[in-house]
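Novice: The structure under discussion is supplied below as structure tokens; questions concerning it will follow.
The numbers here are math on the coordinates, done by the rules we state, and not lab data. Treat the numbers as computed from the prediction; the structure is a model and nothing was measured.
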Amino acid sequence: MAAEARVFVGLGSNLGDRVAHVRFAMHELARLPRTRFVASSPWYRSAPVGPGVQEDYLNGVAELRSSLAPETLLDSLQRIEHAAGRVRTLRWGARTLDLDLLLYGVHQQASTRLTLPHPRIAERNFVLFPLSELAPSLRLPDGSRVQSLRARLDAAGLRRVGMNPEALHAAA
């Protein structure tokens, strides 16, 4: 069996029952073969990035340990999205569930299918804020500290709703 990698997955939903979708995703992540669910970040409500009028997102980050190959893990994430009703029609459009493979240990790659670390990780407050709370001492493969990257971003359009995704209902 391959060695386990420390993996971080971004979770987001802004269509339908956002809380149910992210809870489903966390449950399914915990069931993946050769993968252990370690922890999840606090949850954030964030303004949508993308075309048209969209509802706010519920965003968070999950930490896993996995010995699945990165592409195999990506396939699994896409199956979970599909099972949650995700239909890929419009780039950055509203979605029931979005699972982004953010980091896979210190592995780096750039292919047509998968780029690791995620290519926009340093630009997205809805990723860096929960990620830095989940893993405050984390460094990206290039040595960048997640806390330093977070400090460069403001919290515009972002609202922390707490450790439990159900807190979104109270924050609505």
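Novice: Looking at the calculated P(r) for the range 1-87, what percent of the C-alpha pair distances fall above 20 Å?
Specialist: On the way: 1332 of 3741 pairs.
Result for the distance tail: 36 percent.
Novice: So what are the ³J(HN,Hα) numbers for the range 34-46, from phi and the Karplus equation (6.51, -1.76, 1.60; θ = phi - 60°), rounded to whole Hz, Gly and Pro as x?
Specialist: 6, 9, 10, 7, 9, 6, 10, 7, x, 9, 10, 9, 9
Novice: So how much slack lies between Arg23 and Ser111, counting 0.36 nm per residue of separation and subtracting their Cα-Cα distance, in nm?
Specialist: On the way: separation 88, 0.36 × 88 = 31.68 nm, distance 3.01 nm.
Length gained, Arg23 through Ser111: 28.7 nm.
Novice: Please compute P(r) over all alpha-carbon pairs of the range 31-76, binned at 5 Å starting from zero, and give each bin as a whole-number percent.
Specialist: Reading upward from the zero bin: 5, 18, 18, 15, 15, 17, 10, 3.
Novice: Sequence gap at least 6, Cα distance under 8 Å: using those rules, report the relative contact order of the range 5-171 to the nearest whole percent.
Specialist: Values: 325 pairs, mean separation 50.8, N = 167.
Answer for the range 5-171 is 30 percent.
Novice: Moving to a separate point now. For the chain, take the convex hull of the Cα atoms, compute a quarter of its surface area, and give me that in nm², please.
Specialist: Values: hull surface 37.7 nm².
Across all orientations, the chain yields a mean hull projection of 9.4 nm².
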